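Down below is the structure, laid out as structure tokens.
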Amino acid sequence: MNKHIIAAITFLVSAHLTAQESWPLKRCIEYGFKNNRNNTIYANDKLAADAKAKEALSAYLPKISLTSTLDNNLKLQESVIPAGVFGEKPMRIAFSQKFNANATAQLDQTLYDQALITGLKANKYSKQKADLNTQQNQEALIYNVTTAYFEISVYRQQLDFLQSNMETYSRQIQIFELQVSKGITLQKDLDKVRVDFNNTRSQIRVAQSNLQLAENELKFEMGYPIEQVLVVNSITRQAAPSALLADQSANFEVASRTDYKISEVNIKMLEIEQNRIQAEGLPKLTAYARYGAVGFGDNLTNAYSEVSDFAAIGLKLNIPILDFYKRNAQYTQAKIEHINAEEQLKIDESRYKVDHQNALTKVMQEQANVDNNQRNVALAESVLKTTNLQLQKGVTDLTDWLNTQNSLKEAQNSYLKSLYSFFLAKIDLEKASGTLQFFYNSL
């Protein structure tokens, strides 16, 4: 009864999994765009860039400050009026009272500050860099999701091979068990087949574990709940998506890579910083308007009840003179950083070209390896089929059959390794070409 219940449950679970909608690669990437936790970080970076732009702009906006003071003159300061002004002797007089209250409101408006004007130009590039960082994050997500997706397909292919091999061993065990019972075959021959059968079963468990790990990695990259079931499609070598190799070889431009664009923006920002430091040596003109009130008294009440107001407007010109050495040192540092960034970009440009050419070569090489290894698998399967017939007719022995079976497994393993390398080479080529977004849109 229990066996029937277990079988029924297994059937229902299998039917449920089969009925679930499978996820193609593009849908997995789309889900990742919406749910990967890194998206929040880069969205916040864009908000921070906007806030930084407002901060830079605020330096050119009016500023209003309020100042209020209350002095309790514990000992009043006295001034001396020389003799002969109001009498024959000098007079000591305090020109204040015990309590002194003062309140002032002042508005300052920068009229001209070339350093601020130059710094404002960096706002545009800060926003561009935040957008490019978001784009780079999306490209990394496309790459990681696709790699995990390909890995799942390879492990499924491996499980198919192992299941087929185990069925072959199982059939041979049944034949040998019958022959051993009749005394036709030795027990040690049966045991040899059982050893390979058990090894294959262990390899299946390892492959199933690897498949589960790959699925978990895909869920992580997507931001998909780890405890929920995710059914994805398998991708064959022929159906592996990729842009045309000929087009990528002929039309590759270094400027299409996002990391190259980010480096260009960084250079622009360094150039602006260099010019901003240089502009610190120019005069700065500020306008101000001030209004306030001041009160004096022998007690607090009089200090606030008897006040007199005052007002003033004016211009303030600030001309830096003796900070040349500090400013010149800062300018020299900024200039060197700018030059180094330009040189590094030239180095990166050469590296990107090499990476692209190597990736293109790797794809063609791995494609040839896959084709060759696939033919070897078909050839090994044909040899095993012939050897199996020969074993049944007694023309060959078990050792030859086991060697042929091992040759098939080696061919299968070589094919799986080359298949994964081929998948990886394809997505690496998209990355090196700067076409990961195009790759995603073409799915």
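Throughout, read-outs are computed from the coordinates displayed, never taken from laboratory work. Just so we're clear, the structure is a prediction, and the values are computed from it rather than from any experiment. Glycine also receives a Cβ, built like all others from the backbone with ideal geometry; neighbour counts cover every protein chain displayed.
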Task: Most mobile listed residue (Phe324, Phe423, Phe33) in the chain, GNM with C-alpha springs under 10 Å - done: Phe324
Open item on the list: Starting from the 7 Å offset along Cα-to-Cβ, what nm value, one decimal, do you get for the label separation of Asn372 and Gln212?
Closed with: 3.7 nm
Task: Estimated translational D of the chain in µm²/s (Stokes, Kirkwood radius over Cα pairs; 37 °C; 0.692 mPa s) - done: 108 µm²/s
Open item on the list: Tell me which of Tyr440, Asn39, Leu416 sits at the most positive position along the dipole axis of the chain, charges placed on C-beta atoms (Lys, Arg +1; Asp, Glu -1).
Closed with: Leu416
TODO: Subtracting the Cα-Cα distance from 0.36 nm times the residue separation, let me have the gained length for Leu317 to Gln106 in nm, one decimal.
DONE: 74.3 nm
- [ ] Enter the per residue convex hull volume of segment 250-378, computed from alpha-carbon coordinates, in Å³ rounded to the nearest integer.
- [x] 275 Å³
Open item on the list: Suppose only helical runs count, i.e. DSSP H with n ≥ 4. What mean residue ellipticity at 222 nm does that imply for the chain under -39500 (n - 2.57) per run, divided by all residues and rounded to the nearest 500 deg cm²/dmol?
Closed with: -24000 deg cm²/dmol
Task: Phi-based couplings in Hz for segment 122-131 (Karplus 6.51, -1.76, 1.60; Gly and Pro marked x) - done: 6, 4, 4, 6, 5, 5, 4, 5, 5, 5
- [ ] Measure off 7 Å from each Cα along the Cα-to-Cβ vector at Lys121 and Leu47, then give the distance between these two points in nanometres to one decimal.
- [x] 3.1 nm
Task: Proximal lysine pairs, segment 343-415, alpha carbons under 29 Å, eight or more residues apart or interchain - done: 6
Open item on the list: How much length would be gained if the chain were fully extended between Thr386 and Val294, taking 0.36 nm per residue of separation minus their Cα-Cα distance, in nm to one decimal?
Closed with: 21.9 nm
Task: Rounded FRET efficiency, nearest 0.05, which uses the C-beta distance separating Asn233 from Ser170 and R0 of 25 Å - done: 0.30
Task: Lys, Arg +1 and Asp, Glu -1 on Cβ, resulting dipole of the chain about Cα centre, debye, nearest 20 - done: 300 debye
Task: Length released on extending from Asp160 to Ile184, taking residue separation times 0.36 nm less the Cα-Cα span - done: 5.4 nm
TODO: Please identify the longest segment of the chain free of exposed GluC sites (Glu not before Pro), where exposed means a DSSP state other than H, G, I, E or B and no more than 16 other Cβ atoms within 10 Å.
DONE: 89-226
